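Colleague: I'd like to ask some things about the structure below.
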Amino acid sequence: MPTEPVFFATPADWRDWLAANHATAGELIVGFWKVGSSRPSITEAAPPGDRKIVVHWIASAKRPETRRRRLDQLIDVSAAGSRIDFMKPASQR
């Protein structure tokens with residue numbers, strides 16, 4: 001079980017780690033630098049309520065491939081500076 005956070009410089013670095021370790025890692029503590037720290041990091045611009053919704057959306061998927069697809073979608077949308085509109089039907093996201 002990890003005790004120290006792992007910091008990723010870019011969303012692509014995080015995606016690479018997930019691709020290499022998602023099947024074997026039980027958990028990971030992901031570290032986020034404060035926005036004003038000037039350290040490269042994947043940032044959390046969304047408020048905590050939005051993060052809670054997104055985490056539930058990913059974790060509630062029954063099949064691992066669905067969780068992976070949702071996580072990939074979230075990473076792509078976040079890297080583009082956009083966000084997922086959960087009020088839209090899934091076919092329009």
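The values are calculated or read from the model by the stated rules, or taken from the named source; none is laboratory data. Keep in mind that this is a model prediction, so the values were computed, not measured. Cβ coordinates were reconstructed from backbone atoms using ideal geometry, including for glycine residues, and neighbour counts include every protein chain displayed.
Colleague: List pairs: first in the stretch 18-29 and more than 16 Å from Glu65 (Cα to Cα), second assigned to a helix (DSSP H, G or I), Cβ under 8 Å, 6+ apart or cross-chain?
Modeller: Leu28/Trp17; Leu28/Asn21
Colleague: Going by what's in this entry, would Val54 be described as under 16 Å from Ala79 (Cβ atoms) and at pLDDT 80 or above? Full working, then the answer.
Modeller: On the way: under 16 Å from Ala79 (Cβ atoms): yes; at pLDDT 80 or above: yes.
Judged against the criteria, Val54 is a match.
Colleague: Restricting the search to the stretch 13-51, which residues are at pLDDT below 80, in a helix (DSSP H, G or I) and of a type in the set (Gly, Ala, Ser)?
Modeller: Gly36, Ser37, Gly49
Colleague: Give the stretch 1-12 a look and list any residue that's modelled with pLDDT of 85 or more and more than 20 Å from Asp76 (Cα to Cα), or say none.
Modeller: Glu4, Pro5, Val6
Colleague: I'd like to verify a number: residues in the stretch 1-17 that are small (Gly, Ala, Ser) and either closer than 21 Å to Arg67 by Cα or in contact with a Phe, Trp or Tyr (Cβ under 9 Å, 6 or more places away or on another chain) (or both), how many?
Modeller: Start the filter on the stretch 1-17 by keeping residues that are small (Gly, Ala, Ser), which leaves 9, 12.
In the following step, the residues that additionally are either closer than 21 Å to Arg67 by Cα or in contact with a Phe, Trp or Tyr (Cβ under 9 Å, 6 or more places away or on another chain) (or both) were identified as 12.
Result for the stretch 1-17: 1.
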